[in-house]
Amino acid sequence: MADTPGVTDTEPTLEEQIAAYQREFQALDPQVEKIVSALSRLNRRMNVAYGRQTAALGISNAEWEVLKALVLSGAPYRLGPSELAKRLGLTPAAMTHRIDRMVGEGLVTRERDESNRVRVIVELTPEGREKWLEAMRLATVFEEDLLQDLTPAERAVLGEVLTRLLRRVEDAQPDAGGRLSDLD
């Protein structure tokens, strides 16, 4: 691609992207586009950074999501596979595949529920909890560095504004919490 005149392998700056969009679509609000494009790029880059951190711990982002869902469920950190799939926006088959890998890695256990032998329970292991804690430690350092230039008041305002935007999207797209397709 770099051999093509005028084409580079680097992503255009936000300003270059907005100028190109305005050239092609004059009705574009550059202020709105700058916000949504910056959020999109920030999300992408943060996902890459988190992926590098989890990879350094020997887990994937997909496995991190399962660990997080189990921790968020509260002690004793147990959920059924269908509940995990629903929370992560995955098909049951994709969830089964993910759980199989994680059982093999010692991050979770999968056992029949003693009170209902038809039901299966996925539970966080001590090793899985330790991986989650270590990922949180790494993420905290990264996130503090990311926000270091913001005052506590700016952080509070940014948090409130982003939460309002998130609520608007969630209200307009209530089914958008999951994935459009299974990623693993």
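Bear in mind these aren't lab numbers, they're just calculated from the coordinates by the rules spelled out. Bear in mind that the values here come from a model prediction, so they are computed numbers and not experimental data. Neighbour counts are summed over all protein chains in view; Cβ atoms, including those assigned to glycine, are modelled from backbone coordinates with ideal geometry.
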Less than 17 Å apart at the alpha-carbon level, and either on another chain or at least 8 residues along: which lysines does that give for Lys34? none
If you take the Cα Rg of the stretch 114-160 and divide it by 2.2 N^0.38 Å, with N the number of residues, what do you get? 1.96
Longest principal axis of the chain (C-alpha) makes with the long axis of helix 61-72 (C-alpha) an angle, in degrees to the nearest 10, of 60 degrees
Selection from Ser40, Ser73, Gln53, by position along the positive dipole direction of the stretch 26-83 (Cβ): Gln53
So the compactness index of the stretch 72-118, its C-alpha Rg divided by 2.2 N^0.38 Å, takes the value 1.15
D (µm²/s, integer) via Stokes-Einstein for the chain, Kirkwood Rh across alpha-carbon pairs, 20 °C, 1.002 mPa s: value 109 µm²/s
Partners for Lys131 among lysines (Cα-Cα distance below 24 Å; same-chain residues under 8 apart left out): Lys68, Lys86
On Cα atoms only, tilt of 152-172 relative to the major axis of the chain in degrees: 80 degrees
Magnitude of the Cβ-charge dipole (Lys and Arg +1, Asp and Glu -1) of the chain about the Cα centre, nearest 20 debye, reported as 660 debye
What is the helix-to-structure angle for 30-56, meaning the angle in degrees between its Cα long axis and the longest Cα principal axis of the chain, kept from 0 to 90 and rounded to the nearest 10? 40 degrees
Pop out the ³J(HN,Hα) list for the stretch 107-123 in order, Karplus 6.51 cos²θ - 1.76 cosθ + 1.60 with θ = phi - 60°, rounded to Hz; leave Gly and Pro as x. 7, 9, 10, 10, 9, 6, 6, 4, 7, 8, 4, 7, 7, 10, 10, 9, 10
